[in-house]
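Scroll down for the structure; my scribbles are underneath it.
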Amino acid sequence: MNTLDITWVKRGLDGDKLGCLAVFAFEDGDPALGLSPALAPLARRAVELKEFTGGKGQTCMLLPPSGDVQRLLLVGLGAADKAERETFRRAAGTVGKTLAGLKIPTAGVLLARGIGSKGVDLGETLAEGLALGAYTFEDYQTKKPEKNEKKDSLKTITLFDPHGAAKEASVEWGLQRARAICLTRDLGNHPSNVLTPTRLAAEAKAVAKRRGLKCTVLGEKEMQKKGMHMLLGVAKGSRQPPQLIVLEHRPRGAKTTLMFVGKGITFDSGGISIKPSAQMDEMKFDMCGAAGVLGAMELIGQAKPPVNVVAVMPACENLPGGLAQKPGDVVRAYNGKTVEVMNTDAEGRLILGDAMAWGIDTYKPDAVVDMATLTGACVVALGHYASGLISNDPALEKKVVQAGKSSGDTVWPLPAFEEYEESIKGKVADIQNIGGYGAGTITGGLFIKHFVGKTPWVHLDIAGTAWGVKSLGHVPNEGATGVGVALLADLAIQWKD
Ligand code: BES
Ligand code: MN
Ligand code: ZN
C-alpha cells in the first residue's frame, strides 16, 4: 500500500522548509490568511488576477521566487455556507493527490483561521482525504534504484494548525479510516492471478490477527456438506477452490448482531455465458464487495463499537472450465430452493444467496447488508457516483442511506415492487437467476431476497462505484475506490437499535 502519514502540529509555519505548502480558501475568501509576508502577496496576486477565486475544486499552483516554501498550492472549497464533510474530504483529497504527484520529500497544509464548518470533524476529514488522495498502487512497478525513486518520495504531510481547528486524536482516526479504505483498494487492484479466493482468505486471517477478530474459513468439503450448491456451481469451472470467509467482532455484552455479506468473485469471465474480451480485465474487481466488507472489519476491529458484527465473504472464480456449470443447469440452494442457472454470468447472486441464507441461519443477525458488483445495469442507471440500493425494510434502509451521507459513500434506493419478482420465477425450477430485459439491478436484488427470509436487509450494488470513478479528489483516477468501507463501518459505529 502506498499512502502517507500526517503529522499534526499546533502551530503555524516557523521557518519550515517545504517542497509545497497547501492552503484552503472559501469562495471569495482570502487565501493569504495566515501566510508569511513572503507568501501572502503571491496568493493575493492570484486573487487579483482572478487566477483563484476559491471555487469548489479549483486549484492554483504558485511558485515563490525564493524562500523556505518552494511551492504554494491554493485549493478552493466553494461557498462557505454550503461546505459539508465531503467538501473538505474531496479538497484534502485533491491536495493529497497533487502532493503525491510532485515527487517532493516534504509538504505541509496550513489551516488558516475560519477554515471549517459546523459539525465537521476537520482533523478526521482532512487526514482521511489527504491520505486517500495520496494513495497509489505501485506493487508491480519495478523501481530503478539509481534514480532513488523511493527515497525522494513524500512520506508525511505536516498539518499546521495554529488555531487548534483539528484534534490530534481525530487526525489519527482519519488516517485509520483511510488505511482501511486503501487496504480494500489494494485488494481490488491486485490481479486475479495473485488475489485468488485462497489469498483473500489469507488477507482476512491477517486482518483478524491484527484486530482481534475471529476468522473462520469454510472450504469445498464443508460447502458440500451444508448443501451450498449455488456457490459450488459457480466455482466448478475453476481449479481455484472456493472459500467462504467469516470474520466476527463480538464485544462483551453486545445484544444486536449486524451481518455484512460481500461478493468475492476474484475473476468473472462470465463462465460458459462468456463475456466479450473488451474490458474483461476489469472483472478482477468483481471481489470489491468482499474487499469492502473486509476493509470495514479492519476499521470496526479498531473502533470496537458495542454491536456484534459478522462478515461473510463468499469467494471463488467464475470460469468456463471443463466442469463448469452450463446455462439451463439446475442447482439446489442451501435453503432448499431450486434454481435454474439461465445465464452463468449472473453468478454473484448465486454465491451471495447461499452465503446469505447460511449466514442468517448460523448467526441469526438482526440486520443484513450485502454489497456486490452485481449488475452492469446499475452502471447504466446510476453511473459512477451513487451505489444502487434495494431493501425489504424501510427502517434499515434509512440507516444505510444516512451512513451513506455521513461517510461520503452515496447510495440511492431503487424500487423493489413485488411485480418485478414475476420475471425471475423459474420454468423448470423454483426460480431462475436472470429476469427479462430491463430493471436488471432490481431483479438481481430480488433474486437475493429469496435467501433473506424475514430478516431486515439492504442490498448495495456497487458495480458503478467500486472502480472507474473519475473527478473526485480523494478517489484515484484509476483502479479500485474502496467504496463501502466507510459506509459499513459508520453504520456499525453509529448503530442505534
Ligand atoms: N460482475 C458482473 C457485473 C458487472 C458488469 C459489474 C460490468 C461491473 C461492470 C456480474 O456478474 C454480471 O456479469 N452481471 C450480468 C447479469 C446479467 C447476466 C443478468 C450483467 O450485468 O450483465
Ligand atoms: Mn457475471
Ligand atoms: Zn460478477
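Nothing in this text is a laboratory measurement; each read-out follows from the coordinates by a stated rule. Note that this is a predicted model, so its numbers are computed, not measured. Backbone-built Cβ (ideal geometry, glycine too); neighbour counts: all protein chains shown.
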Checklist entry - How large is the dipole of region 178-493 about the Cα centre if only Lys and Arg carry +1 and Asp and Glu carry -1, each at its Cβ, rounded to the nearest 20 debye? => result 1080 debye
Checklist entry - Using alpha-carbon positions, what is the distance between the centroids of region 172-218 and region 1-78, in Å? => result 36 Å
Next on the checklist: Within region 357-386, list the residues whose amide N lies under 16 Å from a label point set 7 Å along Cα→Cβ of Lys454.
Outcome noted: 360-361, 364-368
Checklist entry - In sequence order, what are the phi-derived ³J(HN,Hα) couplings for region 118-133 according to the Karplus relation 6.51 cos²θ - 1.76 cosθ + 1.60 with θ = phi - 60°, rounded to whole Hz, with x for glycine and proline? => result 4, x, 9, 7, 5, x, 4, 5, 5, 4, 4, x, 4, 5, 5, x
Checklist outcome for this item: Given pairs Lys326/Lys405; Lys255/Lys470; Lys143/Lys405; Lys225/Lys449 and cut-off 30 Å on Cα-Cα distance, the over-length ones are Lys326/Lys405; Lys255/Lys470; Lys143/Lys405
Checklist entry - Full extension from Lys425 to Thr362: what is 0.36 nm times the residue separation minus their Cα-Cα distance, to one decimal in nm? => result 20.0 nm
Checklist entry - Taking the Cα-to-Cβ direction at Tyr385 and at Asp139 and moving 7 Å from each Cα, how far apart do the two end points lie in nm? => result 3.2 nm
Next on the checklist: Name the residue from Gly219, Gly101, Leu323 whose Cα lies farthest towards the positive end of the charge dipole of the chain, charges +1 on Cβ of Lys and Arg and -1 on Cβ of Asp and Glu.
Outcome noted: Gly219
Item to check | Partners for Lys17 among lysines (Cα-Cα distance below 25 Å; same-chain residues under 8 apart left out) | outcome: Lys97, Lys103, Lys147, Lys150, Lys151, Lys155, Lys167
Checklist entry - Applying the Karplus parametrisation 6.51 cos²θ - 1.76 cosθ + 1.60 with θ = phi - 60° to the phi angles of region 318-327, what ³J(HN,Hα) value in whole Hz is obtained for each residue in order, glycine and proline being reported as x? => result 10, 10, x, x, x, 9, 4, 5, 10, x
Next on the checklist: For a test of the definition: using alpha carbon positions, the gyration tensor, and the 1.5 limit on a/c, classify the chain as rounded, prolate or oblate.
Outcome noted: prolate
Next on the checklist: Between Asn193 and Gln494, how high is the FRET efficiency from 1/(1 + (r/R0)^6) when r is the Cβ-Cβ distance and R₀ = 51 Å? Nearest 0.05.
Outcome noted: 0.85
Checklist outcome for this item: Length gained if Glu168 through Arg239 is fully extended, taking 0.36 nm per residue and subtracting the Cα-Cα distance, is 20.7 nm
Checklist outcome for this item: Given Cβ charges of +1 for Lys and Arg and -1 for Asp and Glu, the option among Gly440, Met259, His450 whose Cα lies farthest towards the positive end of the dipole of the chain is Met259
Item to check | Ellipticity estimate at 222 nm from DSSP helix runs (n ≥ 4, -39,500 (n - 2.57)) divided over the chain, nearest 500 | outcome: -10000 deg cm²/dmol
Item to check | Spin-label pair Lys155/Leu102, simplified geometry with 7 Å Cα→Cβ offset, distance in nm | outcome: 1.8 nm
Item to check | Amide H within-cut-off set for Arg71, under 5 Å, with H built and near neighbours excluded | outcome: Cys20, Leu21
Checklist entry - Once phi is turned into ³J(HN,Hα) by the Karplus curve 6.51 cos²θ - 1.76 cosθ + 1.60 with θ = phi - 60°, what whole-Hz value does each residue of region 189-196 show in order, with x for glycine and proline? => result 6, 4, x, 6, 6, 9, 8, 8
Next on the checklist: So for the chain, averaging the separation of alpha carbon pairs under 8 Å that are six or more residues apart and normalising by length, what relative contact order in percent results?
Outcome noted: 16 percent
Item to check | Gap separating the Cα centres of region 310-355 and region 239-282, nearest whole Å | outcome: 12 Å
Checklist outcome for this item: Rounded to 0.05, the calculated FRET efficiency for the beta carbons of Arg113 and Arg250 at R₀ = 51 Å is 0.65
Item to check | Unit charges at the beta carbon, dipole of the chain: most positive-side option, Leu159, Leu350, Leu132 | outcome: Leu159
Checklist entry - Relative contact order (percent) for region 221-376, with alpha-carbon contacts under 8 angstrom and 6 or more residues of separation? => result 39 percent
Checklist entry - In region 348-448, what chymotrypsin sites (Phe, Trp or Tyr not before Pro) fall in a loop by DSSP, with at most 13 other Cβ atoms inside 10 Å? => result Tyr385, Phe417, Tyr437
Checklist entry - Amide H of Val261: which non-local residues (sequence gap of 5 or more, or other chain) have their own amide H closer than 5 Å, using H built in the peptide plane? => result Val312, Val369, Asp370, Met371
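Apply 1/(1 + (r/R0)^6) to the Cβ-Cβ distance of Lys50 and Asn477, taking R0 = 35 Å, and write down the FRET efficiency to the nearest 0.05.
0.80
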Next on the checklist: Using the basic label-point model (7 angstrom from Cα toward the beta carbon), what is the Lys275 to Asp14 distance in nanometres?
Outcome noted: 5.5 nm
